[in-house]
Ligand code: UDP
Ligand code: MG
């Protein structure tokens, strides 16, 4: 624990950023204001995930205002989860807080995370009580996904939590060792273990701009979550048994004509075989990606880090 040493703890705040020119200035202002009122020491690490708009220029200019601001710039868009991965690797804090750059995760929740951390918890995640300004479709799919994931995986991934969380240095050190392509960070953090707890918070509306998570990226994240932590989809083929049972039941009861049932059964079996093949392919695809062993992301440049703080790039 940080207070075991006699110095003021350093808290790193990591923010992945992608095309946030409409709101990033406000985020910087709110965070600098927050930091100024606190006892702890802070560093603010913005990871630009290949933004195409003025985000980077705004962040570079913000660096002139405060030396607390540090910047990692990717060579292109690698995705939210890899931006988090990189930011956490560059962080040097006794604890690291990950949050969205659109002010949906309010900084005012951080003090209660720090309080639980000081009380001995290694991970304090934000648990969403309300989700303002999100469509019913997003809320419904998110709620379903979190519950599905919980029921089919062997590790405890808390429901209704995103990546807004505080992690102790010992957790961050383990996370930094996990070199997974297509990471599902919140699952990896659950897997690491130690004492974990949550704080409830109301997830705010985006301050500006629109979600950078189109359906395609959301589905990708959901697939990564499931295939990283569960092998259950590989059992899909076992469902083929159902078709056999249906056929048998019909033969015994003799309700509908045999031909009709036969056609239904053949179609059903075919569909299940294709599903099972698709699931198998997904896992093989993940093995292929992992076996190439490429760097997870490419950093174009960094600003504001001390020479000794420059980490390995992968
Ligand atoms: N983001 C990113 N790379 C991406 C997509 C999003 O770094 O490819 C950032 C984005 O700028 C934001 C955070 O990740 O700070 C979460 O994205 P977003 O707010 O769009 O997701 P939502 O809150 O709608 O789920
Ligand atoms: Mg958001």
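The values are calculated or read from the model by the stated rules, or taken from the named source; none is laboratory data. Just so you know, these numbers come straight off a predicted model, no measurement behind them. Glycine gets a Cβ as well: all are built from the backbone with ideal geometry, and neighbour counts include every protein chain shown.
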Check your understanding: Residue check: is residue 171 buried (at least 17 other Cβ atoms within 10 Å of the Cβ), under 18 Å from the mean Cα position of the chain (by Cα) and under 29 Å from residue 38 (Cβ atoms)?
Key -> yes
**Study point:** Given (1) under 22 Å from residue 220 (Cα atoms); (2) modelled with pLDDT of 90 or more; (3) not in a helix (DSSP H, G or I), index of the condition residue 121 fails
**Key:** (1)
Check your understanding: Is it the case that segment 52-67 has a residue that's within 11 Å of ligand 1 (Cβ to nearest atom) and in contact with a strand residue (DSSP E or B) (Cβ under 7 Å, 6 or more places away or on another chain)?
Key -> yes
Study note, to complete from the structure: Given the conditions (1) within 13 Å of the chain's Cα centre (by Cα); (2) buried (at least 16 other Cβ atoms within 10 Å of the Cβ); (3) away from ligand 2 (no atom under 16 Å from the Cβ), every one holds for residue 219 apart from (2)
Point to revise | Condition check for residue 300: at pLDDT 80 or above, in a helix (DSSP H, G or I) and either surrounded by 13 or more Cβ atoms within 10 Å (Cβ to Cβ) or in contact with a strand residue (DSSP E or B) (Cβ under 6 Å, 6 or more places away or on another chain) (or both) | key: no
Study note, to complete from the structure: The lone condition residue 33 fails out of (1) near ligand 1 (Cβ under 9 Å from one of its atoms); (2) without any contact (Cβ under 8 Å) to a residue 12 or more places away in the chain is (1)
Review point. Within segment 276-294, can you find the residues that are touching a residue at least 24 places away in the same chain (Cβ under 8 Å) and outside any helix (DSSP H, G or I)?
Key: 294
Check your understanding: Of the residues that make up segment 176-199, is at least one away from ligand 2 (no atom under 16 Å from the Cβ), within 28 Å of residue 23 (Cβ to Cβ) and more than 15 Å from the chain's Cα centre (by Cα)?
Key -> yes
Review point. Within segment 168-264, which helices (runs of 4 or more DSSP H) (wholly inside it) include 2 or more residues that are under 30 Å from residue 31 (Cα atoms), in contact (Cβ under 8 Å) with a residue 24 or more places away in the chain and touching a helix residue (DSSP H, G or I) at 6+ places or on another chain (Cβ under 8 Å)?
Key: 169-177, 185-192, 215-229
Check your understanding: Quick one: what pairs do we get from segment 90-106, first residue near ligand 1 (Cβ under 8 Å from one of its atoms), second assigned to a helix (DSSP H, G or I), C-beta under 6 Å, 6+ apart or different chains?
Key -> 101/27
Exercise for review: Report yes if some residue within segment 131-141 is within 14 Å of ligand 1 (Cβ to nearest atom), touching a residue at least 60 places away in the same chain (Cβ under 8 Å), assigned to a strand (DSSP E or B) and over 15 Å from the mean Cα position of the chain (by Cα); otherwise report no.
Suggested key: yes
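Let's see how each residue does on (1) surrounded by fewer than 21 Cβ atoms within 10 Å (Cβ to Cβ); (2) touching a helix residue (DSSP H, G or I) at 6+ places or on another chain (Cβ under 9 Å); (3) assigned to a strand (DSSP E or B):
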| position | (1), (2), (3) |
| --- | --- |
| 35 | yes, yes, no |
| 38 | yes, yes, no |
| 46 | no, yes, yes |
| 53 | yes, no, no |
| 57 | yes, no, no |
| 60 | yes, no, no |
| 64 | yes, no, no |
| 67 | yes, no, no |
| 72 | no, yes, yes |
Review point. Which one of these is closer than 23 Å to residue 160 by Cα, away from ligand 1 (no atom under 16 Å from the Cβ) and more than 21 Å from the chain's Cα centre (by Cα): 115, 119?
Key: 115
Practice item. State all residues of segment 9-33 that are more than 17 Å from residue 82 (Cβ to Cβ), in contact with a strand residue (DSSP E or B) (Cβ under 8 Å, 6 or more places away or on another chain) and not in a helix (DSSP H, G or I); if no residue qualifies, say none. Key: 9, 10, 11, 12, 13
Check your understanding: What are the pairs, 6+ residues apart or on separate chains, where a residue within segment 75-89 that is within 14 Å of residue 162 (Cβ to Cβ) has its Cβ under 7 Å from a residue that is part of a helix (DSSP H, G or I) and more than 10 Å from ligand 1 (Cβ to nearest atom)?
Key -> 81/185; 84/185
Check your understanding: residue 105 versus (1) surrounded by 20 or more Cβ atoms within 10 Å (Cβ to Cβ); (2) over 17 Å from residue 204 (Cα atoms); (3) out of contact with any helix residue (DSSP H, G or I) (no Cβ under 9 Å at 6 or more places or on another chain): which is the lone unmet condition?
Key -> (2)
Practice item. Provide a single number: the residues in segment 142-154 that are crowded, with 16+ Cβ neighbours inside 10 Å and not in a helix (DSSP H, G or I). Key: 1
